[in-house]
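To start, the structure itself, in structure tokens.
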Amino acid sequence: MDPTRRAEPPSPDLAFIGGGNMARSLVGGLVAAGVDPATIRVADPSEAARTALAGDFGVRVFASAADAAAGAGTWVFAVKPQVMREVCTGLSDAAQATRPLVVSIAAGITATQLDRWLGGGLPVVRAMPNTPALLGAGVTGLFANARVDAAGRTRAGQLLASAGVTVWIDDESRMDAVTATSGSGPAYVFLLAEAMEDAAIAEGLPPDAARTLAQQTLLGAARMLVESGEAPAELRRRVTSPGGTTQAAIEAFEAGGFCDLVACAIRAATRRGGELSAAHD
């Protein structure tokens, strides 16, 4: 290479490999934030998905991952973990030729695995968003390997910020705990809502009233957690009057080992994340 020749800056184009719900939420967030749809490419084998993406957001769509990725400066892998290795190895030659910033939102697939499957030596960011990203209200844990520079971290952070808050994790071994806490976390809240609704019905409330009461209670409590800036323990203390109804409920939770059960659930999900990674290696 001529040493006097300047290296070409990375292409601003962004290629999504996979056009499912999470990719749609990210694309929608980016377009809403003012990103030019013409710089966004999406590959998906489903013609219906491609038609919907092009119609809703004005992005360029492709049936082939290789066609979508060609020349793009950032690749976002949004395919199922079970097919990630096959998809990556199919793109390895192109990855080595163009050296894109690689971002993955697949659960249980490590940055090391992604780098190896793509031929090695690439900047890779592993991301774990959660389903509220579909509403722009998600949270994403991010890990960058050593080849991701400051510009790459900024670009990945801006990309995932379109879905909500971002949190950088320095140690990738902790990403399974991110998955267990926030990636799987919405299901824990849904389970609590389900249990509250069923219990309220059992106490004689009409089903529609029970659902509304449970939903709005969880929504209001979540807003208080985020907007007050107070620790959960302090907020709980403020609404727990001595000898009152809330104290009776809290004591019942504690007698049933509620906190230990939550810890056990998150530990189980963390362990399963590591197992999934090993299964796809």
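General observations
- When the residues of segment 9-68 are filtered to those that are over 22 Å from ALA95 (Cα atoms) and among the hydroxyl-bearing types (Ser, Thr, Tyr), the one that is surrounded by the most Cβ atoms within 10 Å (Cβ to Cβ) is SER25.
- Only strands (runs of 3 or more DSSP E) whose full extent lies in segment 1-120 are considered here, and the ones with at least 1 residues that are at pLDDT 95 or above and within 29 Å of ALA177 (Cα to Cα) are 14-17, 74-77, 101-104.
- Looking only at residues of segment 165-196 that are assigned to a helix (DSSP H, G or I) and in contact with a strand residue (DSSP E or B) (Cβ under 6 Å, 6 or more places away or on another chain), we find that the one that is surrounded by the fewest Cβ atoms within 10 Å (Cβ to Cβ) is GLU172.
- Across segment 251-266, the number of residues qualifying as surrounded by 12 or more Cβ atoms within 10 Å (Cβ to Cβ) and over 17 Å from VAL189 (Cα atoms) comes to 0.
- Restricting segment 123-141 to residues that are touching a Ser or Thr at 6+ places or on another chain (Cβ under 6 Å) and in a strand (DSSP E or B) leaves a set whose member that is farthest from LEU101 (Cα to Cα) is VAL139.
- Scanning segment 187-233 for residues that are touching a residue at least 24 places away in the same chain (Cβ under 8 Å) and either aromatic (Phe, Trp, Tyr) or not assigned by TED's automatic domain parsing to the domain that holds ARG267 (or both) gives a single hit, TYR188.
- Filter result (within 32 Å of the chain's Cα centre (by Cα) and closer than 19 Å to ALA195 by Cα) within segment 237-260: ILE250, PHE253, GLU254, GLY256, GLY257, PHE258, CYS259, ASP260
The values are calculated or read from the model by the stated rules, or taken from the named source; none is laboratory data. Bear in mind that the values here come from a model prediction, so they are computed numbers and not experimental data. Note that we place each Cβ from the backbone using ideal geometry, even for glycine, and neighbour counts take in every protein chain shown.
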